Amino acid sequence: MYSKCGDLEAAREVFDRLELKDLVSWNTIIMAYAICGFGSYCFGLFSDMVNEGHEPNGSTFVSLLSACSIAGLLDDGWEFFNSMKRDYGVDPGIEHYGCMLDLLGRAGNLERAKCLIEEMPLEPTSRIWGSLLSASRHHRDITMAALAADRIFSLDSDNTGCYVLLADMYAEVGRWEDVQRVRNLMKKQGLKMTSSCSLVEHNGRTHNFKNHDKSHGESYAVYEVLDILSRMIGEDNLHSSGVSKLKPAVSLKARGNSPVFHSVRLATCFGLIKIARGETVLIRKNVRLCEDCHSTMKRISLVTKREIVVGDSKVFHHFKDGRCSCGDYW
Ligand SMILES: *[C@@H]1O[C@H](CO)[C@@H](O)[C@H](O)[C@H]1NC(C)=O
Ligand SMILES: [Zn+2]
Ligand SMILES: [Zn+2]
């Protein structure tokens, strides 16, 4: 019907104009609000839906639990998780467990998350372990991360993202032998690092940017804007040796992986130049947004007073007024 988030208002308009709202349209609109982080709004829609006599099904609960997960509402999450079977006769499936794991992970409750996986009546998939892996990354628990990665490798040995994430975590704490070990594992599987890229659309054309990309026809303007924005948000170390001023993961940056010219920033600058004020700048990215870019994007939305939406491999980040809809967890 309408695409996943990005343009929430348009989705809402279409939904409101629907003469007959069926289960699919309810599920979709709840999911649209969920992925943008409007948790309590989803709960309101859910009561409306039930009051209008619709029986929610498994998909409805995926939307609701995703809403809880994205907005970090742990108690509400348990409430829905327990109620789905009890009140609506819907058995929790693997996706519902996935949402609960995201929620527990976000709350930093890694042990509880691990227990939930072990208690599951279903066979855990690599997506399930992946949820524990991202939580471990977020809370910098490398022991739990290694455990989760190990399970993922045994199920899904060519999961590039998982190798990269684990290697990054080891690099952050300077465990270079472990970095090498993971890289070798990757090589043994015949895998290469995926290079990150960001897409932005303008006038029906898609513009593609890679990290440190200078190949775009309008690169000059893009870098100019990036330079101006960097100064505005106090990242004035662009041309100097200021790399050391940047926080964690210094080791990675020192190895020529500075986030300052990451693809998402280049695509954002291009979007800010081309897309009319008042319209959302919508960017798609093939890999997870890094923490540095996430915090920069928030500040860019604040200083430019523009709305920027970045869909990464996992969620949509809706940046506005210096904040992100994901609540800084993704
Ligand atoms: C829920 O119902 C909708 C509409 O009938 C259907 O498209 C969807 O596949 C259902 N989901 C599940 C998990 O049964
Ligand atoms: Zn980045
Ligand atoms: Zn975010």
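The values are calculated or read from the model by the stated rules, or taken from the named source; none is laboratory data. Everything quoted here is computed from the prediction, not taken from an experiment. A quick note on method: Cβ atoms are made from the backbone with ideal geometry, for glycine too, and the neighbour counts reach across all protein chains shown. Note: accessible area is taken over every heavy atom of the protein model, side chains too, but ligands, DNA and RNA are not part of it. Shrake-Rupley method; radii C 1.70, N 1.55, O 1.52, S 1.80 Å.
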Report task. Could you pull out every residue, at least 5 positions away or on a different chain, whose amide H is within less than 5 Å of the one on His202? Hs are placed 1.01 Å off N in the peptide plane, and Pro or chain starts have none. Result -> His207
Query raised in the report: Can you tell which of Leu101, Trp330, Ile273 lies farthest toward the positive end of the dipole of the chain, using +1 and -1 charges on the Cβ of basic and acidic side chains (Lys, Arg; Asp, Glu)?
Result: Ile273
Report summary line: Of the convex hull enclosing the alpha-carbon atoms of the chain, the direction-averaged projected area in nm² is 17.9 nm²
Query raised in the report: Nearest-5 percent of antiparallel DSSP beta bridges in the chain?
Result: 80 percent
Query - At most 13 other Cβ within 10 Å, DSSP loop - GluC sites (Glu not before Pro), the stretch 267-330 - result: Glu279
Requested in this report: Could you list the GluC sites (Glu not before Pro) in the stretch 176-239 that lie in coil according to DSSP, counting only those with at most 16 other Cβ atoms within 10 Å of their Cβ?
Outcome: Glu218
Query raised in the report: Whose amide H sits under 5 Å from the amide H of Val309, counting only residues 5 or more places off or on another chain, with H placed in the peptide plane?
Result: Val281, Leu282, Ile283, Phe319
Report summary line: For the stretch 8-189, the percent of all C-alpha pairs falling in each 5 Å bin, from 0 up to the bin holding the max distance, is 1, 8, 16, 17, 15, 13, 11, 8, 6, 3, 1, 0, 0
Query raised in the report: So if we plug the beta-carbon distance of Ser195 and Cys115 into 1/(1 + (r/R0)^6) with R0 = 30 Å, what FRET efficiency do we get, rounded to 0.05?
Result: 0.20
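With the other protein chains left in place, how much accessible area per residue, in square angstrom, belongs to the stretch 187-237 at a 1.4 angstrom probe? Walk me through the intermediate numbers first.
Details: 3390 Å² over 51 residues.
With all protein chains present, the stretch 187-237 gives 66 Å² per residue.
Over the Cα atoms of the stretch 1-82, Rg to Rh with Kirkwood Rh, two decimal places?
0.94
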Query - In sequence order, calculated HN-Hα J values of the stretch 288-294 (Karplus, 6.51, -1.76, 1.60; Hz; x Gly/Pro) - result: 4, 5, 7, 5, 4, 5, 4
Query raised in the report: Of the GluC sites (Glu not before Pro) in the stretch 3-94, which ones lie in a loop per DSSP and count no more than 12 other C-beta atoms within 10 Å?
Result: Glu19, Glu52
**Report entry** Residue-normalised accessible area of the stretch 52-166, given per residue in Å² at a 1.4 Å probe
**Finding:** 42 Å²
Report summary line: With every protein chain in place, the accessible area of Thr280 for a 1.4 Å probe, in Å² rounded to the nearest 10, comes to 50 Å²
Requested in this report: Evaluate the relative contact order of the chain (contact order divided by residue number), counting alpha-carbon pairs under 8 angstrom at least 6 apart; express in whole percent.
Outcome: 13 percent
Query raised in the report: Over the C-alpha atoms of the stretch 136-215, what are the Rg and the largest Cα-to-Cα span, Dmax, in Å?
Result: 15.7, 48
